[in-house]
Amino acid sequence: MHKKALSAMLRERRALISPESHGLARPTGQGRRAPGLSQQQVDLLLNRAIHTYHRLESGTYHNPPVGLLREVAQLFRFDEQEWVSLCRYARDEDPPGPLRPSAGKEIPGMWQEAVEGILHPAYITDASWDMLACNSPFTEMVPDGRVPGNMMRFMLLDPDGRAILSDWETAWAPLLVPQLRAALVARPDDTVLRGIEREVLADPLAGPLYEAGGAVIHPDGDERPIRHVKLGPGWLRMCAAQPLASPGARLIILMYQQGPRQDGAPAIRSGRTWAGLPPA
């Protein structure tokens, strides 16, 4: 627990919530000068026992339950990044899932221009793997330039997807199904993901692989074989990142190498030189 950061964060945000906005009177007791809700009013609004919120804000509530943190975050109108910070300050861990079901379903419009400026094939999907943005090099590597509506469904179930993903049963599918399973753990009520899961379980090839499980939850740094529609067989080196304002969304950059697999670039560490100059 990070008491100082937790207390400052909660106290600042509590001060922004007016009691009147929740049908409560502003406390007028002796010495009461602080703006916003009182700690007792927070307990009242959350239907919690007296002093529950005081223990949280003061840092004396060790390992508070995620349910309490979620209720506080929703009452204080936290965004997704603030929700992550709250869980880290209070429990020393990331939250088990997003604060709101709508999280990860959209990105700022500037991301389309950013993706178009990437030289390699690149795309962004939302938290359900629905396509949000892609560039022209990406459309050139898929059959007929047809942009998939959902990348997970395309890679696991679409015949065109299976055709261009070389060695699909060994090099692709066993690494995809754990990502779907992990996403459902974090977003169990996501109807798109549940629909894909049902289709996968009903599929004679993908179903057994899904049932077998696996531990891979992201493709960052992977190298996998592919049949590029225009350039032929080769390998993809994959970079994965997340737009910070949209937890669960994914930016995927696919660096294509024609022909046989080649050694990848070494890991990047601080202290490297730039253009022959020593580090500052």
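Quick notes
- Any hit, region 71-82, residues being surrounded by 18 or more Cβ atoms within 10 Å (Cβ to Cβ), touching a Phe, Trp or Tyr at 6+ places or on another chain (Cβ under 8 Å) and closer than 27 Å to Ala186 by Cβ: yes
- Here Ala122 clears all of (1) surrounded by 13 or more Cβ atoms within 10 Å (Cβ to Cβ); (2) over 30 Å from Ile164 (Cβ atoms) except the condition numbered (2).
- Residue in region 168-180 that is in a strand (DSSP E or B) and among the aliphatic types (A, V, I, L, M) present: no
- Residues of region 190-205 classified as surrounded by 20 or more Cβ atoms within 10 Å (Cβ to Cβ) and either outside any helix (DSSP H, G or I) or modelled with pLDDT under 95 (or both), total: 1
- Residues of region 93-131 classified as in contact with an Asp or Glu (Cβ under 7 Å, 6 or more places away or on another chain) and without any contact (Cβ under 8 Å) to a residue 40 or more places away in the chain, total: 1
- Evaluated against (1) modelled with pLDDT under 95; (2) at negative phi; (3) more than 18 Å from the chain's Cα centre (by Cα), Leu157 falls short on exactly one condition, (1).
For every residue, the table says whether it meets (1) outside the structural domain of Phe154 (by TED's automatic domain parsing); (2) at pLDDT below 90; (3) under 21 Å from the mean Cα position of the chain (by Cα).
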residue: Leu175; (1), (2), (3): no, no, yes
residue: Ala212; (1), (2), (3): no, yes, no
residue: Glu223; (1), (2), (3): no, no, no
residue: Gly248; (1), (2), (3): no, yes, yes
residue: Gly271; (1), (2), (3): yes, yes, no
residue: Leu277; (1), (2), (3): yes, yes, no
residue: Ala280; (1), (2), (3): yes, yes, no
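- Condition met for Glu211 (surrounded by fewer than 15 Cβ atoms within 10 Å (Cβ to Cβ), part of a helix (DSSP H, G or I) and not β-branched (Val, Ile, Thr)): yes
- When each of Leu156, Leu165 is tested for being over 27 Å from Met110 (Cα atoms) and in contact with an Asp or Glu (Cβ under 9 Å, 6 or more places away or on another chain), the lone residue that passes is Leu156.
- Scanning region 69-113 for residues that are out of contact with any Pro (no Cβ under 7 Å at 6 or more places or on another chain), aromatic (Phe, Trp, Tyr) and not in a loop (DSSP other than H, G, I, E, B) gives a single hit, Tyr89.
The values are calculated or read from the model by the stated rules, or taken from the named source; none is laboratory data. Nothing here was measured: the structure is a model prediction, and the numbers come from that model. Every residue, glycine as well, gets a Cβ built from its backbone with ideal geometry; the counts of neighbours run over all protein chains shown.
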